[in-house]
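Since every read-out is calculated from the coordinates, none of them should be taken as a lab result. Because the structure is a prediction, the values reported are computed rather than measured. Neighbour counts are summed over all protein chains in view; Cβ atoms, including those assigned to glycine, are modelled from backbone coordinates with ideal geometry.
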Ligand SMILES: Cc1cc2nc3c(=O)[nH]c(=O)nc-3n(C[C@H](O)[C@H](O)[C@H](O)COP(=O)(O)O)c2cc1C
């Protein structure tokens, strides 16, 4: 009799959305780290969090970049030239708890933005799965994936996701909103399925 009741309780539990239960248990070890100035990369980070689960952390600098577009472009070019790694205000105490780390960034000067270099330099992602995602002004990823590969030599780097976002140079700030956000969500879901994160 007891076995019979146990069997039916088990069947009932499996009927209560087994897919969600799966995502919850999987997502505990998922971290979504991102850099975003005008919100496009953050929108993609939110889509990933909605679809996969996990913890979201935004990278912030001890000394923020200037608001002015030309000033930030010049500063980033200088930092890239000298290899300067801007110190992060963001601290992640429990990075060891995560096995999968999504790293999201805009393309800056056709490269990986210096704050993301700071993050990958400061935190050891050896043995972890690293999944890059990106937004850009229409010129693509540039050399950013190669830079990630160099900074994470012992990580399992999966296929990246890249979409066009804003183009601050031309006064286009947050573009991944409304209908465009749903379009990006559909593309992201396809990518997540391909890399078996969904
Ligand atoms: C300093 C700086 C440099 C940029 N360089 C590029 C670039 O080289 N290629 C490109 O396609 N877009 C470039 N962009 C545009 C951003 O990649 C694009 O607007 C992105 O969607 C911004 O993401 P965010 O809203 O998350 O900050 C640059 C933007 C900034 C602020």
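A compact table of results
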| read-out | value |
| --- | --- |
| Debye log10 I(q)/I(0) for the stretch 127-198, one point scatterer per Cα, at q = 0.12, 0.22, 0.28 Å⁻¹ | -0.39, -1.03, -1.23 |
| Three principal axis lengths of the chain [C-alpha, angstrom, descending] | 75, 37, 26 |
| Using alpha-carbon coordinates, inclination of helix 18-27 to the longest axis of the chain, degrees | 40 |
| Contact order normalised by residue count of the stretch 27-194, Cα under 8 Å, 6+ apart, percent | 25 |
| Ranked 41, 107, criterion: other C-beta atoms within 10 Å, fewest first | 107, 41 |
| Residues 110, 197, 116, 56, sorted so that the one with the fewest Cβ neighbours within 10 Å comes first | 110, 56, 197, 116 |
